[in-house]
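Okay, structure first, notes after.
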């Protein structure tokens, strides 16, 4: 799946010279966390988000005023900060350093971009113009749809399920061949084997539950202490 498949195409936007009251009202009305900001020619010039509006004197949340020495050292930066915290126009508070994405990017790339930049939404750009926006909520909707399709997968034979579970466990790279055995009856999977840590149990269950056709996973696993030399190396 790519960004084009999940992005919102009818994007709520705000003009750079609009009041922040208008921007806030639009975010609350649409229940969204950010708005692309356009200039009068319709070009994307920034984005305003909830985070841009949290440090305000009206809320009593503005940071303490800097000392005189900071003004001497970097007056331009302090002036910009003051305008951001006290300005009444979207252009004062918006984030100008844009993080954007192509509609042909993968969802993995979109998720990585959001995580790396600690943002909730990313404008989608085509030929320099705004074509949509992709947000965390769009990824969640895609995940929900995928999980729903997973639950409605046509039935599979127990032999097919067993083979698929064994492959899923092998792909974790955590368990040597033969460490875990798989039994399937009526779509119910039972796992048997010996583990050296409780976290391995959770990983095994996750690997089995990820296989389409599995109705339930039964745990017949035993957990034992790892060999002394293994435990010692883990402690170092």
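The values are calculated or read from the model by the stated rules, or taken from the named source; none is laboratory data. In this text the structure is predicted, and so the values were computed from the model without any measurement. Methodologically, a virtual Cβ is constructed for each residue, glycine included, from the backbone with ideal geometry; neighbour enumeration extends over all protein chains shown.
Things worth noting here:
- Among all residues of the range 10-26, there is at least one that is without any contact (Cβ under 8 Å) to a residue 60 or more places away in the chain and in contact with a helix residue (DSSP H, G or I) (Cβ under 6 Å, 6 or more places away or on another chain).
- Of the residues making up the range 37-46, just one is more than 16 Å from residue 89 (Cβ to Cβ) and crowded, with 17+ Cβ neighbours inside 10 Å, namely 44.
- Put simply, of 62, 79 the only residue that is more than 30 Å from residue 127 (Cα to Cα), at pLDDT below 90 and assigned to a loop (DSSP other than H, G, I, E, B) is 62.
- Assessment of the range 135-142 against the conditions (out of contact with any helix residue (DSSP H, G or I) (no Cβ under 8 Å at 6 or more places or on another chain), in contact (Cβ under 8 Å) with a residue 24 or more places away in the chain and under 30 Å from residue 209 (Cα atoms)) yields at least one matching residue.
- Of the residues making up the range 10-45, those that are farther than 25 Å from residue 127 by Cβ and outside any loop (DSSP other than H, G, I, E, B) are 19, 20, 21, 22, 23, 24, 25, 26, 27, 28, 29, 30.
- Here the condition is being modelled with pLDDT of 90 or more, within 30 Å of residue 103 (Cβ to Cβ), in the same structural domain as residue 30 (by TED's automatic domain parsing) and part of a helix (DSSP H, G or I); of 137, 131, it holds for 137 alone.
- Which listed residue, of 88, 4, 31, 9, is loosely packed, with under 13 Cβ neighbours inside 10 Å and closer than 20 Å to residue 129 by Cα: 9
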